[in-house]
1. Just to be sure before I move on: is residue 27 assigned to a loop (DSSP other than H, G, I, E, B), out of contact with any strand residue (DSSP E or B) (no Cβ under 7 Å at 6 or more places or on another chain) and modelled with pLDDT of 95 or more in the structure I sent?
2. Are any of the residues in the stretch 91-99 under 16 Å from residue 11 (Cβ atoms), over 11 Å from the mean Cα position of the chain (by Cα), in contact (Cβ under 8 Å) with a residue 24 or more places away in the chain and crowded, with 16+ Cβ neighbours inside 10 Å?
3. Take the residues of the stretch 65-86 that are part of a helix (DSSP H, G or I) and free of Cβ contacts under 8 Å to residues at least 24 places away in the same chain: which is nearest to residue 106 (Cα to Cα)?
4. How many residues are surrounded by fewer than 14 Cβ atoms within 10 Å (Cβ to Cβ) and touching a strand residue (DSSP E or B) at 6+ places or on another chain (Cβ under 9 Å) if we restrict to the stretch 102-112?
5. Would it be correct to say that residue 42 is part of a strand (DSSP E or B) and farther than 25 Å from residue 111 by Cα?
6. So which of 42, 35, 73 is at pLDDT 95 or above, under 17 Å from residue 15 (Cβ atoms) and surrounded by 11 or more Cβ atoms within 10 Å (Cβ to Cβ)?
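The values are calculated or read from the model by the stated rules, or taken from the named source; none is laboratory data. The shown structure was predicted, so the numbers you read here are calculated from the model rather than taken from an experiment. Using ideal geometry, Cβ is built from the backbone for each residue, glycine included, and neighbour counts are taken over all protein chains shown.
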């Protein structure tokens with residue numbers, strides 16, 4: 001696997017108000033091969049501006065490893081299921097890492 005192949009891999013971060021809902025949602029993404037794995041963190045404290053007010057909220061946060069080509073499917077699924085009107089979903093490229101681990105991410109995710 002060349003370094004340029006690794007650019008296709010990324011970490012997607014999703015937050016949600018209910019950590020249990022987020023664990024189940026991300027488990028389904030792994031089951032459906034949209035992600036190789038997920039690390040769920042809860043609680044996390046979020047501060048954000050919404051409807052012209054600053055809010056502080058305890059949420060769950062998930063970081064999952066996948067292919068960039070699968071991000072649209074993850075975003076689409078969240079758009080239908082996520083409890084927020086505007087779900088927090090963002091991606092960061094995986095530039096490098098353990099070659100066997102990077103190959104495992106690729107092997108565990110669907111090619112699209």
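1. No: the conditions fail for residue 27.
2. yes
3. Among them, the one singled out is 72.
4. 3
5. Here the answer is yes, as residue 42 does meet what is asked.
6. That would be 35, the only listed residue that is at pLDDT 95 or above, under 17 Å from residue 15 (Cβ atoms) and surrounded by 11 or more Cβ atoms within 10 Å (Cβ to Cβ).
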